[in-house]
Amino acid sequence: MSSASLRTDKLTRQFGGHTAVNAVSASFHPGELTVIVGPNGAGKTTYFNLISGQLWPSSGHIFKGETEITGFSPSSRAKAGVGRAFQLTNLFPQLSVLENVRLAVQAQHGLGHVIFRTARSFKKLRDEAHAYLEATRLDRVAHLPVTALPHGDQRKLEIALLLALKPDVFMFDEPTAGMSVDEAPVILELIEEIKKDASKTVLLVEHKMDVVRSLADRIIVLHNGELVADGLPDEVIALPIVREIYLGIPAEDAA
């Protein structure tokens, strides 16, 4: 197997007397999609927040390749190639969908919010942004302001922005949450496309077992902040402890 693109070493986060993530060590590799599952309160989102920099660990370490990024800010982690899809709270809601993606492309090129640019370079940025909108099936709404987008298109825009930043580690926290039956397959197809790139590493928090089975190369299970299982999907799902804590099947019935 290739070297880990992302690794956590005894990662721990405490809130007062409560340990939300307890000494979790795991490695994630290019060409692999890992689904993180567990019951509510298991520590999945806290673990994601620690990796992406929204929370600081109480102890433990995070590595991107051979570089320790434990002390990096979220923006520095993004520049290092760790990308996470978020709800659209950091966008420019009154600007068009295209302009939001164009600004992400501009930032990825290290240009920041440069105002004075040549017409040729501006067109190049817009063309690249259009390509991401086509990839995420958003070209038809490129002219609309973000505020006009329905929920499903907002989630697709998250992925377009993530693609524009060109990470090699993609993180998705329940990407189909709140989506209709018709909308969800499009998001899953987009994640499938990312998964096909053997240079990319994908981490996914998900509750829906049909999604887990269809996408996962590997499953890790968190329970009470601890990693209790890690392996191939069929093997992990069949474990009595997993069926009990995640599926609600008593251990004696699962055995």
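The values are calculated or read from the model by the stated rules, or taken from the named source; none is laboratory data. On a predicted model such as this, the values are computed, not experimentally measured, just so you know. For neighbour counting, all protein chains shown are included, and Cβ atoms are generated from backbone atoms with ideal geometry for every residue, glycine included.
Answer with yes or no whether Gln87 is under 20 Å from the mean Cα position of the chain (by Cα), assigned to a loop (DSSP other than H, G, I, E, B) and modelled with pLDDT under 90. When the stated conditions are applied, Gln87 passes them.
In the stretch 28-38 there is at least one residue matching the filter, namely being in contact (Cβ under 8 Å) with a residue 24 or more places away in the chain and among the aromatic types (Phe, Trp, Tyr). Of everything in the stretch 14-42, what is outside any loop (DSSP other than H, G, I, E, B) and within 13 Å of Ile220 (Cβ to Cβ)? Give them in sequence order. Scanning the stretch 14-42 gives Val21, Val24, Ser25, Ala26, Ser27, Phe28, Leu33, Thr34, Val35, Ile36, Val37. Output the residues belonging to the stretch 127-136 that are over 16 Å from Leu103 (Cβ atoms) and surrounded by fewer than 16 Cβ atoms within 10 Å (Cβ to Cβ). The one that is over 16 Å from Leu103 (Cβ atoms) and surrounded by fewer than 16 Cβ atoms within 10 Å (Cβ to Cβ): Glu134.
Return yes when His143 is of a type outside the set (Phe, Trp, Tyr), surrounded by fewer than 15 Cβ atoms within 10 Å (Cβ to Cβ), within 26 Å of Val37 (Cβ to Cβ) and in the same structural domain as Ala104 (by TED's automatic domain parsing) and no when it is not. Don't jump to the end; show me each part of the working.
Numbers: of a type outside the set (Phe, Trp, Tyr): yes; surrounded by fewer than 15 Cβ atoms within 10 Å (Cβ to Cβ): yes; within 26 Å of Val37 (Cβ to Cβ): no; in the same structural domain as Ala104 (by TED's automatic domain parsing): yes.
So His143 does not fit the description; no.
Of all residue pairs spaced 6 or more apart or on separate chains, those with beta-carbon atoms under 8 Å, a first member in the stretch 60-84 that is under 15 Å from Ser27 (Cα atoms) and a second member that is crowded, with 16+ Cβ neighbours inside 10 Å and basic (Lys, Arg) are Ile62/Arg7; Phe63/Arg7; Lys64/Arg77; Ile69/Arg77; Val82/Lys64. Checking Pro93, Pro30 one by one, the residue that is surrounded by fewer than 21 Cβ atoms within 10 Å (Cβ to Cβ) and in contact with a Pro (Cβ under 8 Å, 6 or more places away or on another chain) is Pro93 and no other. Residues that are assigned to a loop (DSSP other than H, G, I, E, B), surrounded by 17 or more Cβ atoms within 10 Å (Cβ to Cβ) and at pLDDT below 95 within the stretch 192-215 comprise just one, Glu206. Only a single criterion out of (1) at pLDDT 90 or above; (2) touching a Ser or Thr at 6+ places or on another chain (Cβ under 6 Å) is not satisfied by Ala184, namely (1). Scanning the stretch 43-58 for residues that are touching a helix residue (DSSP H, G or I) at 6+ places or on another chain (Cβ under 8 Å) and either assigned to a loop (DSSP other than H, G, I, E, B) or without any contact (Cβ under 8 Å) to a residue 24 or more places away in the chain (or both) yields Gly53, Gln54, Leu55, Trp56, Pro57.
Going through (1) surrounded by fewer than 18 Cβ atoms within 10 Å (Cβ to Cβ); (2) of a type in the set (A, V, I, L, M, F, W, C); (3) within 14 Å of the chain's Cα centre (by Cα) one by one, Phe172 falls short only on (1). Does Ala148 satisfy being at pLDDT 90 or above, under 24 Å from Glu183 (Cβ atoms) and more than 19 Å from the chain's Cα centre (by Cα)? Considered against the rule, which asks whether it is at pLDDT 90 or above, under 24 Å from Glu183 (Cβ atoms) and more than 19 Å from the chain's Cα centre (by Cα), Ala148 comes out as yes. Screening Ile220 with (1) surrounded by fewer than 19 Cβ atoms within 10 Å (Cβ to Cβ); (2) of a type outside the set (Lys, Arg); (3) more than 19 Å from Thr136 (Cβ to Cβ) gives one miss only, at (1).
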